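Worksheet: the structure to be examined is printed underneath.
Here, each number is a calculation from the coordinates, and none is a lab measurement. A quick note: this is a predicted structure, and the numbers were derived from the prediction, not measured. Backbone-built Cβ (ideal geometry, glycine too); neighbour counts: all protein chains shown.
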Amino acid sequence: MIQPERIHKMKTGTRNSGTHVVYWMQAAQRVENNHALAFAIELANQKQVGLIVAMVLMPAYPSANTRHYRFMIEGLSYLKSQLQGLGALFHVAYGEATDVVATVTEDACALVMDDVMGAELGHLKKEVVGHVTCDAYYIETNVIVPVKHAYLKEAYAAYAIRNALNRKLDAFAIPFQTTPVARPIPNTHHEIFREDWAVNEILKTHYGHLEILNGPVTVIGGEDQANILLKAFVETHLTSYGEASNNPGLDATSKLSAYLHFGMISPITILEAVRKANVPSGAFVEQLFVRRELAYNYVRYNPNYKKDLFQVLPDWAIQQLKSHGKDVRPYVYSPSEIESAQTHDPYWNAAQKEMVKSGFMHNTMRMYWGKKIIEWTPSYEAAFDLMIYLNDKYLLDGRDPNGYAGIAWCFGKHDRPFSERPIFGKIRYMNDKGLKRKYDMESYIKRVEALGGQDDTLSSG
Ligand SMILES: Cc1cc2nc3c(=O)[nH]c(=O)nc-3n(C[C@H](O)[C@H](O)[C@H](O)COP(=O)(O)OP(=O)(O)OC[C@H]3O[C@@H](n4cnc5c(N)ncnc54)[C@H](O)[C@@H]3O)c2cc1C
């Protein structure tokens, strides 16, 4: 079931016949509830040709390091088996997307793409389309409601978009079975991902030039892993999510964000599992649907989301920053002291360590983490840039609309004014006493101390 609002035709090709359809899989690295894959199969079956699903493992993806590549590569062998089951040929190539896609579409009748977010990747998509001669489409499959159909402009806050999203939820949150390819291409002439290639070997051979960021060893990429995690979350934490999810000491959230970021699971699959559990789940759906799709709205409509703090904030917040920019900071830390978790604040240090060691950080701690970086950095702009740098480097779910929206939220985006205080003005403030009063912070610190994973950054700082 592919709603027409998800389908965007980017180019009418100079020819419409060919030997196959190509789906360039980028942001939706899954088979289940993948509208781009289903659309590509539908086209192939209509034209009575086969389907090649191409993944291009580029030598340098914006802001990616070996931690991100590892997570993605771990998902490939499951993906391969599922695609083969549907009769699609899986072609994994190392190189530049423009060259690989141009080659694989040479005799193709259509190119299908999924919905990468962000300016750099949008630009790459246009460049790739410029090099192909067949029809080209992109399909929105990583959101429940297609972004522009949900809301026609940048939403001021969650309240502005919530009703519009909820009205459209039932029309778009429709799980479906993917039909197989009627005419599979024989498995002969394309490079196929080999399961016997160890992830480390691939990293060394193709990404030796990148910054090495190991771990987290316990989090493994892939659609199968996402489904295991989803099942465990629904069975264990969904019922108590409303009361427990904000408490960093309880570790009671789904941890699905990295899988959502790589498109290894669809929000529709998650919503379906949550609905089937038949327990109160409003608080979870607010995060998964309203907050997440608000972030997509932000990044789609505001091109400055990671470039210019003063171009993304509401007027009231800009005014506050302008009048408090020169306020004295009680503590100022250098970027390297911050990165290596060397501040006076044990809660904040634990949050930074959680991020470095595990590639994840609890939501409450992400808010606190951001607020303190604002407080301890000489300028707001420097704080904004540092937060984006650290967030995208260490988090497995980094480089995501949710991250850019979360960071802007720390400066007042999508929020409202509170009472005035130094440095923040009327922008919401958080302090360690509040964390201690409301949550089990000692358990949080203990859990972070027990984490394995990368800590070179922490010890070298
Ligand atoms: C400073 C800051 C930085 C952040 N950076 C990122 C980031 O890089 N990537 C990222 O995915 N999220 C980011 N978030 C949002 C949020 O913290 C994470 O999505 C959440 O903690 C992921 O954990 P979970 O999957 O266990 O979430 P759960 O609580 O289980 O929620 C389920 C899903 O809902 C969505 N969600 C949850 N909370 C939010 C939120 N506040 N805003 C938007 N969507 C939400 C996520 O997709 C999440 O996986 C950031 C928030 C802040 C304040």
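Tabulate in residue order the Karplus-calculated ³J(HN,Hα) for the range 168-176, using 6.51 cos²θ - 1.76 cosθ + 1.60 with θ = phi - 60°, rounded to whole Hz; enter x for Gly and Pro.
9, 4, 5, 6, 10, 7, 10, x, 8
Using the Karplus curve 6.51 cos²θ - 1.76 cosθ + 1.60 with θ = phi - 60°, work out ³J(HN,Hα) for each residue of the range 76-83 in order, rounded to whole Hz, and write x for Gly and Pro.
Karplus-based 3J(HN,Hα) across the range 76-83 equals 6, 5, 5, 4, 4, 5, 5, 5 Hz.
Evaluate the relative contact order of the chain (contact order divided by residue number), counting alpha-carbon pairs under 8 angstrom at least 6 apart; express in whole percent.
20 percent
Could you compute the FRET efficiency for residue 126 and residue 3, with r as their C-beta to C-beta distance and R0 at 30 Å, rounded to 0.05?
0.80
Modelled label-to-label distance, residue 179 and residue 328, 7 Å Cα→beta-carbon offset: nm?
For residue 179 paired with residue 328, the spin-label model returns 7.2 nm.
Can you list the aspartates and glutamates whose alpha carbon sits under 14 Å from that of residue 231, skipping same-chain ones fewer than 8 residues off?
223, 272
For a 26 Å ceiling on Cα separation, which of these pairs sit above it: 326/438; 168/276; 276/371?
326/438; 276/371
Arrange 218, 66 by Cβ neighbour counts within 10 Å, fewest through most, would you?
By the 10 Å Cβ count, ascending, the order reads 218, 66.
When the dipole is taken about the Cα centre of the chain, and only Lys, Arg (+1) and Asp, Glu (-1) are charged at their Cβ, what size is it in debye, to the nearest 20?
That gives a dipole near 1240 debye.
If each of residue 99 and residue 443 carries a label point 7 Å out from its Cα toward its Cβ, how far apart are those two points in nm?
That separation, rounded to one decimal, is 5.3 nm.
In Å and from the alpha-carbon atoms only, list the Rg and Dmax of the chain.
In order Rg, Dmax, the Cα atoms of the chain give 22.4, 69 Å.
Using a Förster distance of 30 angstrom, determine the FRET efficiency expected from the C-beta separation of residue 14 and residue 235, and round it to 0.05.
Working from the Cβ atoms, E equals 0.05.
Residue by residue, what Karplus-based ³J(HN,Hα) values in Hz, rounded to whole numbers, does the range 230-236 have, using 6.51, -1.76 and 1.60 with θ = phi - 60° and x for Gly and Pro?
4, 4, 5, 5, 4, 6, 9
Less than 13 Å apart at the alpha-carbon level, and either on another chain or at least 8 residues along: which aspartates and glutamates does that give for residue 9?
114, 115, 135, 140
I need the Kirkwood Rh of the range 303-454: take the reciprocal of the average 1/r across all distinct C-alpha pairs and report it in angstrom.
15.7 Å
How much length, in nm to one decimal, is gained on full extension between residue 170 and residue 363, taken as 0.36 nm per residue of separation minus their Cα-Cα distance?
Going from the current span to full extension adds 66.7 nm.
State the extension gain, in nm to one decimal, for the chain segment bounded by residue 416 and residue 163, taking 0.36 nm per residue of separation less the distance between their alpha-carbons.
Between residue 416 and residue 163, full extension yields 89.2 nm more.
Calculate how many DSSP beta bridges within the chain are antiparallel, expressed in % of all such bridges and rounded to the nearest 5. If you can, show how the numbers build up before the last one.
On the way: 5 of 26 bridges.
Percentage antiparallel, nearest 5: 20.
In whole angstrom, how far apart do the alpha carbon centroids of the range 354-414 and the range 121-178 sit?
About 25 Å separates the Cα centre of the range 354-414 from the one of the range 121-178.
For residue 94, enumerate residues with amide H under 5 Å from its amide H, sequence gap 5+ or separate chain, H modeled in the peptide plane.
For residue 94, whose amide H was placed from the backbone, the distant partners under 5 Å are 57.
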